[in-house]
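The values are calculated or read from the model by the stated rules, or taken from the named source; none is laboratory data. This one's a predicted model, so the numbers in the text were calculated from it and none came from an experiment. Quick reminder, even Gly has a Cβ in these numbers, built from the backbone with ideal geometry, and neighbours come from all protein chains shown. For the accessible areas, the whole protein counts, side chains as well, though only heavy atoms, and no ligand, DNA or RNA atoms are used. Shrake-Rupley method; radii C 1.70, N 1.55, O 1.52, S 1.80 Å.
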Amino acid sequence: MSAVTAVPIRPLARGSVLKLWIAVAVLCVAGIALAWFGTGALQRETTETGIQYQVIEAGEGPDITPSDLVQFNIVGRRADGSLAFSTLGREPLTGTSASGGPLPVVSQGLSMMRRGAHYRFWAPARLAFAEPPPPSEGISPDEVLSFDVNVVNVLPGLAGMQMGLPGMGMGPPPGAGPAPGGDPHAGPPPESGAPVLPEGGPAQ
């Protein structure tokens, strides 16, 4: 019967254990950082009014102010993901970040955005709309809807134009169908250079 020869294990040099634990800690921190940045697109922030938002594109330039006239596109979806309304395929809507209008969630959202920004907002219907949607829409006050808002252009200091020009609505009413020819599943519309003011009904 052969004998088993024991091989002595050399003890770790002083300081090696500490270096080992430092290496493990660094790997853990790196893993957490990768996980955080890898899920960055899923991170949401919440405003003081309870509206959640996600920054998809930060945009550029100064923040929008209540004195600025803003052109933007918007896609609204219900809690189940179905399309509620869309301005894709139409000329951009025009409005301001000042309070008021049929979609307070958009007014508040614009105040956080810049030219070229693309944000996604979540809000219950009671916070999203200035007036409750008609019963025929089947939207309860607590149903959480999402709104993709893309700022196409910002005209600094021209908010006063909204009161004097036609077609200056803040947003489509609940239940408005998809834009003719627009793809409700398409991504954010491309940025537009020169301002193009929409034509249509009276200012709101």
- Item | Tensor-based shape of the stretch 60-136 (alpha-carbon gyration tensor, a/c under 1.5 rounded, otherwise prolate or oblate) | prolate
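So how do Ile139, Ile74 rank on accessible area, 1.4 Å probe, biggest first, that is with the largest at the start?
Order by accessible area, largest first: Ile139, Ile74.
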- Task: Kindly sort Asp80, Asp63 by accessible area of their heavy atoms, largest first, with the probe set to 1.4 Å.
- Result: Asp80, Asp63
- So how do 49-59, 94-104 stack up, highest first, on mean other-Cβ count within 10 Å? 94-104, 49-59
- Solvent accessible area, Å² - Val75, 1.4 Å probe, full protein context: 20
- Note on the structure: Quick calc of log₁₀ I(q)/I(0), the stretch 69-112, Debye, one scatterer on every Cα, no solvent, q values 0.25, 0.34 1/Å, result -0.96, -1.18
- Kindly sort Arg115, Arg44, Arg77 by accessible area of their heavy atoms, largest first, with the probe set to 1.4 Å. Arg44, Arg115, Arg77
- Starting from the Cα-Cα distance between Ile22 and Leu83, subtract it from 0.36 nm times their residue separation and give me the gain in nm to one decimal. 16.9 nm
